[in-house]
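Heads up, the thing below is written out as structure tokens.
Derivation of every value follows stated rules applied to the coordinates shown; laboratory data play no part. Just so you know, these numbers come straight off a predicted model, no measurement behind them. For neighbour counting, all protein chains shown are included, and Cβ atoms are generated from backbone atoms with ideal geometry for every residue, glycine included.
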Amino acid sequence: MPAVGPLLRLVIATQDEAFRATEYPAILTYAKRLVALASSLGNPVIWPVGEAAERLAGSAIVVGRGRPRVRNWSGYLREESVLLVCVAAATPLPLRAAAEQARALGAKRVDACGVSVCGIVGVREGASFGAYVSLQRNVNASCIQSPIAI
């Protein structure tokens, strides 16, 4: 078997985390937290980042009985607030890219949340999004919790 380096281990652990987070009953817990967060932020447009986030957003719609609002992929975001949702990522780069795209489509405010986004601890100054909220209470041990310059 070929040697597996630390970056590949991180990617595999992130994929496993995304799978576990979107299995029942974990997805129900995260969907409830997402609905509560969106409500506390004034019901922004939910922008899923990744396939696991799509599953979580769909579950949140069911749990929230039609709320939160999920992004219309063919529309603009004129003066809308946006909440990026990422279940698991090896770096915060997917969130940053989505935030830049949301701003280009007219979003007035962009925040983010996730279950396990490695490197998010160091993303503050100059980030494309405002606040980041974790949807879990415990930090994933597989994540490198050092700042990542992006």
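Overall form of the range 62-123: oblate. Here a/c, set by the Cα gyration tensor axes a ≥ b ≥ c, is 1.5 or more, and a/b is not larger than b/c. Taking a ≥ b ≥ c as the square roots of the Cα gyration tensor eigenvalues, the range 7-78 comes out oblate, since a/c reaches at least 1.5 and a/b does not exceed b/c. Let a ≥ b ≥ c be the square roots of the eigenvalues of the Cα gyration tensor of the range 42-84; is it rounded (a/c under 1.5), or, if not, prolate (a/b larger than b/c) or oblate? Since a/c reaches 1.5 but b/c is at least a/b, the shape of the range 42-84 is classed as oblate.
A convex hull fitted to the Cα coordinates of the range 1-120 yields 106 cubic angstrom per residue.
Taking the mean number of other Cβ atoms within 10 Å as a proxy for protection, how do you rank 62-68, 17-23 from highest to lowest?
17-23, 62-68
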